[in-house]
Amino acid sequence: MNIPTNSSSIRYQAWGLMCNRQTFSCKEIAQTLNIKTNKIVGFTRTLIRKRAIEVVDRRNKYQGTLYRVCIERYALQLHTPMAPRHKKRRVKKGTWSQQIWNTIRIHRVFNVELLQTTTNASLSLINNYLWHLEQAGFIRKKGRFVNQNGYFCFKYMLIKDLGRLYPTTQKQGMWDQNNQIFYPFKELSDE
């Protein structure tokens, strides 16, 4: 019998064998599948935590513990190999880049003074992040205006709203954490 070594397919086969028996031990399931017992032991621990199986009899260590299935065969969600489970990447909510990105998404048209007022980020960090966003094509300069102090300032406009999580700066572009896509910087023209 040719059994694939894919761990999720082994789990499906093991779960099917467990459901078809009144009681079972890890050793019996492993022998039937022709795999090492420790692979089944880890799986049974997971099933116990999910309350899918329960201990019937704790025998000596050579005979192994007897288990039985206590939920319906199709009630347990095992992840299929076709749809792998990916953990969402956690982001620190208080980062300066996230604060800047939140303000940009809320206002859509903004300037550096607005970002300084609504975030804890320094002026150099704001200018640096805006430059990277502009090079990646997420924002664009909309025009110039004179601020209260008499200085010329740029207004920016959001072009691509990527979602809740801020794009991170990479060496050659920016990484969209929401859609897991890399956006390269546009070529800098020789001026």
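The values are calculated or read from the model by the stated rules, or taken from the named source; none is laboratory data. Keep in mind that this is a model prediction, so the values were computed, not measured. As a convention, Cβ positions derive from the backbone with ideal geometry for all residues, glycine included, and neighbour counts pool all protein chains shown. The protein model used for the area step is the full one, side chains on, heavy atoms only, and it has no ligands, DNA or RNA in it. Shrake-Rupley method; radii C 1.70, N 1.55, O 1.52, S 1.80 Å.
Identify all residues within the range 34-47 that are of a type outside the set (S, T, N, Q) and open to solvent by 10 Å² or more (accessible area, probe 1.4 Å); write none if there are none.
I35, K36, K39, V41, G42, R45
Are there any pairs with C-beta distances below 8 angstrom linking a residue in the range 127-141 that is open to solvent by 30 Å² or more (accessible area, probe 1.4 Å) to a residue that is assigned to a helix (DSSP H, G or I), with the two at least 6 apart or on different chains, and if so which?
Filtered contacts from the range 127-141: N127/V112; R140/E134; K141/E134.
Has the range 82-90 got at least one residue that is farther than 30 Å from K141 by Cα, assigned to a loop (DSSP other than H, G, I, E, B), at pLDDT below 85 and touching a strand residue (DSSP E or B) at 6+ places or on another chain (Cβ under 7 Å)?
no
Which residue is most open to solvent (accessible area, probe 1.4 Å), if the candidates are limited to the range 91-112 and must be among the charged types (D, E, K, R) and modelled with pLDDT of 90 or more?
R108
Could you go through the range 148-156 and let me know if any residue there is surrounded by fewer than 17 Cβ atoms within 10 Å (Cβ to Cβ) and polar (S, T, N, Q).
Within the range 148-156, one or more residues are surrounded by fewer than 17 Cβ atoms within 10 Å (Cβ to Cβ) and polar (S, T, N, Q).
Which number in (1) of a type in the set (D, E, K, R); (2) at pLDDT 90 or above; (3) touching a helix residue (DSSP H, G or I) at 6+ places or on another chain (Cβ under 9 Å) marks the one condition that E54 misses?
(2)
Looking only at the range 143-175, count every residue that is closer than 13 Å to L133 by Cβ and either among the aromatic types (F, W, Y) or part of a strand (DSSP E or B) (or both) and tell me the total.
Final tally of qualifying residues: 10.
Residues in the range 176-191 that are exposed (fewer than 13 other Cβ atoms within 10 Å of the Cβ), in contact (Cβ under 8 Å) with a residue 40 or more places away in the chain and not in a loop (DSSP other than H, G, I, E, B): how many?
1
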